[in-house]
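Visitor: Attaching a single structure in structure tokens format; questions to follow.
What follows is calculated from the coordinates using simple rules that are stated; it is not laboratory data. Being a predicted model, the structure only gives us computed values, none of them experimental. Backbone-built Cβ (ideal geometry, glycine too); neighbour counts: all protein chains shown.
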Amino acid sequence: MTEPMIDVRDLYKSFGGNQVLKGIDLQMMPGTTTVVLGGSGSGKTVLMKHIMGLFKPDQGEVIVDGENISVMDRQELARFRTRMGMVFQSAALFDSMTVRDNVAFALREHTKLSEEEIREKVKEKLAIVDLFGVEEKFPAELSGGMRKRVGLARAIIRDPKIVLYDEPTTGLDPLTTESVDDMIIGAREKLGVTSVVISHDIGSSFHIGDVVAMLHDGRIVEMGPPEKLRHTQEPHTKHFLATWFGRT
Amino acid sequence: MAEQPAARAPGVPAAWTKPLRAPLEVLGELSVFFGQAVVTILRPPYRIGLLFNQLEFMAYGSLFVVGLTGLFTGMVLALQFVYAFGLFNAQSLVGATVELGLARELAPIFTCIVIVARVGSAVATELGTMRVTEQIDALETMAVDPINYLIVPRIIAAALSAPVLTMLFNAIALTGAYGIAVLVKDLSPGTFLNRMQYLVEIHDLTNGLGKSAVIGFVVILIAAFRGYKAEGGARGVGIATTQAVVGGLVAIFAIDYIYTAITLSNPQPRGGLGG
Ligand SMILES: Nc1ncnc2c1ncn2[C@@H]1O[C@H](COP(=O)(O)OP(=O)(O)OP(=O)(O)O)[C@@H](O)[C@H]1O
Ligand SMILES: [Mg+2]
């Protein structure tokens, strides 16, 4: 058995009196795509921010690539984060910078590559997400789907082992959704990364996920390959999925 | 059906104390933010390029509006003082009084009001937007400290820009006052300028400049704090901007009083009224 790439153990988190995560256990194997499904406000983003080390757990731990990130200080986390990339719900591109500067940001900050090498790398990563000749544009000049792609190019610029996606397809039309799904599948195939996708888009989840996990009321109530979940008897999952399969 | 008073959880203070607690909590958070920012100022990387961008925006970009407010301030002061000192035939004090008021009080305060309106609102809006669109989180996931990258260049630029703008305000206001007093109100240049040499001293100027640096730093720190902690979409950014401007204005007058009380408690010896 290989070690999991991401191992979330008995994770608890509350804000004020609001208990959001109530004992999450979740393992993700290297090179797989895990989709975490759940309703609005169920704590999906909070879970993802723990995996990224942006939040500290109240209890439990998060082991990523063999290291316990819950006990790391700022400096260690900064070093560690080069192994991870995150694609935000809103793409979160820096709107004062061109696409090139956005994608190159981490290289300029943390490496001493020449401008020539940086241009080359940016071009290469943009090609992976099927974008060509947009380097000089500003984020405001791009469509929503293109922005997500630039966000992914920026996340993979330093060849991370893990890419986290926060609701990559929410608010996109069906065609753009499909192209973002293809982008996620492509990134896994071309780069061999371990992907974690947060979503409440059931169609997308079943399409791209090797494993789908259902988050409800602060716990993972059901987890498995998409075919298994489709025939689940677990009531919350069944209810959640019925909104989709019930209609098709 | 009698209303049961809601049982209070132990340790949760009563609701009526909220108006008292809220400002204290904000002050507490602001102090923590201030501490973080100051520690970060000393820590590399030092972002000179970003500092110059901010200086260009805050200082260079404010020249026109500061100059214009300075001109009108000086002109109206001349009108008022020529009238007031005319009541007891002391027009020779107009120039000195205008300049004392400008240097010690009006130039730093009015300049900082302009900074709050023009720069503070922009800083809060920009950082607030970056917060709610997750750009600040994105910085952090790329292992860049947002305090170092976003906050430090802004507060340093503010502390440097405010005195420079104050000097400009002072110079233009004095020119405007001179113009009105001498050209419109027919004071002789000597009457306007003579007493100034004796009554206005260099520490009057430096006192005002020091005050403006402190206030400029604090009001932009407040604006940055409000933007940095914004939450809840466009509405949240709007609230942050309002709080930044209101908080900044209150801070100007509060710090003005404290700074003046401290520096005047140990006044510099001053020359006489002069000849
Ligand atoms: N920084 C925070 N401070 C306080 N409460 C928070 C914070 N972040 C999240 N929460 C709370 O945690 C709960 C879960 O939020 P989260 O953002 O994880 O939901 P989500 O599952 O991502 O929802 P959505 O699908 O709408 O994005 C919410 O009740 C929210 O109010
Ligand atoms: Mg979310």
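Visitor: Please return the ranges of helices (runs of 4 or more DSSP H) entirely within segment A:11-126 where 2 or more residues are within 16 Å of ligand 2 (Cβ to nearest atom) and more than 11 Å from every other protein chain (Cβ to nearest Cβ). Break it down stepwise before answering.
Guide: On the way: elements: A:44-51, A:74-80, A:99-110.
In segment A:11-126, A:44-51 are the helices (runs of 4 or more DSSP H) which contain 2 or more residues that are within 16 Å of ligand 2 (Cβ to nearest atom) and more than 11 Å from every other protein chain (Cβ to nearest Cβ).
Visitor: To continue, here is another question. Considering B:Glu99, B:Glu140, B:Glu105, which residue is within 14 Å of chain A (Cβ to nearest Cβ) and acidic (Asp, Glu)? So that I can check it myself, show each step before the final result.
Guide: Working: B:Glu99 fails: within 14 Å of chain A (Cβ to nearest Cβ); B:Glu105 fails: within 14 Å of chain A (Cβ to nearest Cβ).
Answer to the check: B:Glu140.
Visitor: Of the numbered conditions (1) within 16 Å of ligand 1 (Cβ to nearest atom); (2) surrounded by fewer than 17 Cβ atoms within 10 Å (Cβ to Cβ), A:Arg79 satisfies every one except a single condition; which is it?
Guide: (1)
Visitor: Hey, can you tell me all the residues within segment B:161-183 that are of a type outside the set (A, V, I, L, M, F, W, C), farther than 25 Å from B:Gly216 by Cα and touching a Phe, Trp or Tyr at 6+ places or on another chain (Cβ under 8 Å)?
Guide: Initially, segment B:161-183 is screened for residues of a type outside the set (A, V, I, L, M, F, W, C), giving B:161, B:163, B:166, B:170, B:175-176, B:178-179.
Subset that is farther than 25 Å from B:Gly216 by Cα: B:178-179.
Within segment B:161-183, B:Tyr178 is the sole residue that qualifies.
Visitor: How many of the residues making up segment A:127-170 are within 14 Å of chain B (Cβ to nearest Cβ), over 20 Å from the mean Cα position of the chain (by Cα) and basic (Lys, Arg)?
Guide: Summing the residues that are within 14 Å of chain B (Cβ to nearest Cβ), over 20 Å from the mean Cα position of the chain (by Cα) and basic (Lys, Arg) in segment A:127-170 gives 0.
Residues checked against (1) of a type in the set (Gly, Ala, Ser); (2) touching a residue at least 12 places away in the same chain (Cβ under 8 Å); (3) surrounded by fewer than 21 Cβ atoms within 10 Å (Cβ to Cβ); (4) out of contact with any strand residue (DSSP E or B) (no Cβ under 9 Å at 6 or more places or on another chain):
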{"position": "A:Pro160", "(1), (2), (3), (4)": "no, yes, yes, no"}
{"position": "A:Leu172", "(1), (2), (3), (4)": "no, yes, yes, yes"}
{"position": "A:Glu178", "(1), (2), (3), (4)": "no, no, yes, yes"}
{"position": "A:Thr194", "(1), (2), (3), (4)": "no, yes, no, no"}
{"position": "A:Ser205", "(1), (2), (3), (4)": "yes, yes, no, no"}
{"position": "A:Gly209", "(1), (2), (3), (4)": "yes, yes, no, no"}
{"position": "A:Gly224", "(1), (2), (3), (4)": "yes, yes, yes, no"}
{"position": "A:Pro235", "(1), (2), (3), (4)": "no, no, yes, no"}
{"position": "A:Phe240", "(1), (2), (3), (4)": "no, yes, no, no"}
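Visitor: Specify which of the listed residues (B:Thr129, B:Thr141) is without any contact (Cβ under 8 Å) to a residue 40 or more places away in the chain and either farther than 30 Å from B:Ile202 by Cβ or out of contact with any Gly (no Cβ under 7 Å at 6 or more places or on another chain) (or both). I'd like the intermediate steps shown before the answer.
Guide: Working: B:Thr129 fails: without any contact (Cβ under 8 Å) to a residue 40 or more places away in the chain.
Result of the check over B:Thr129, B:Thr141: B:Thr141.
Visitor: Then there is this: Take segment A:58-76 and flag every residue that is loosely packed, with under 13 Cβ neighbours inside 10 Å and on the phi > 0 side of the Ramachandran plot. First the steps, then the outcome.
Guide: Start the filter on segment A:58-76 by keeping residues that are loosely packed, with under 13 Cβ neighbours inside 10 Å, which leaves A:66, A:68, A:71, A:73-75.
Once the filter is applied, which keeps residues that are loosely packed, with under 13 Cβ neighbours inside 10 Å and on the phi > 0 side of the Ramachandran plot, segment A:58-76 yields only A:Gly66.
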